[in-house]
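Peer 1: Encoded as structure tokens, here's the structure I'll be asking about.
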Amino acid sequence: MNDIASRFADTATFVFVYISEAHAGDEWPINQLDEEIPRHRTLDDRKRAASGFLRAFSLHDAFLVLLDTMEDAFNNAFASWPFRFWVILDGRVALKPHPVDASYDVNELGRWLVNHGNECKVRGPGA
């Protein structure tokens, strides 16, 4: 995703939304992590978890990082769990890749931007 964001930062706005913890240590642990993250009970909990993620996995500067609400409004609207990406163009979903064998081909986004990038305008959040 960082490579795609680097190549298309002038074409599209990239937004990373941190949602609820997929394998919270106190809810659905996978027992394979060095540090178990508990379920987010407050927005500060979610912010701390997101900060930890960003320390471990640096995102390209093109990404605007947002937190989902504690009511999981974004995840409920877009079914993001555990990982998903879309293109939202003019308020409509223009690309919603489907997983194959529980993973995504993120290059599908790059191909879409090559073919449709001229339709996009870089706009800030809420534009």
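Peer 1: Considering each residue of segment 64-101, count those that are free of Cβ contacts under 8 Å to residues at least 60 places away in the same chain, closer than 23 Å to A5 by Cα and not acidic (D, E), and give that number.
Peer 2: 22
Peer 1: Please determine whether any residue of segment 30-43 is modelled with pLDDT of 80 or more, over 30 Å from N115 (Cβ atoms) and within 12 Å of the chain's Cα centre (by Cα).
Peer 2: no
Peer 1: To continue, here is another question. Right, E71: modelled with pLDDT of 90 or more and either on the phi > 0 side of the Ramachandran plot or loosely packed, with under 11 Cβ neighbours inside 10 Å (or both) or not?
Peer 2: yes
The values are calculated or read from the model by the stated rules, or taken from the named source; none is laboratory data. Predicted, not measured: the structure shown is a model, and the values here were computed from it. Cβ sites come from the backbone with ideal geometry, for glycine too, and all protein chains shown count toward neighbours.
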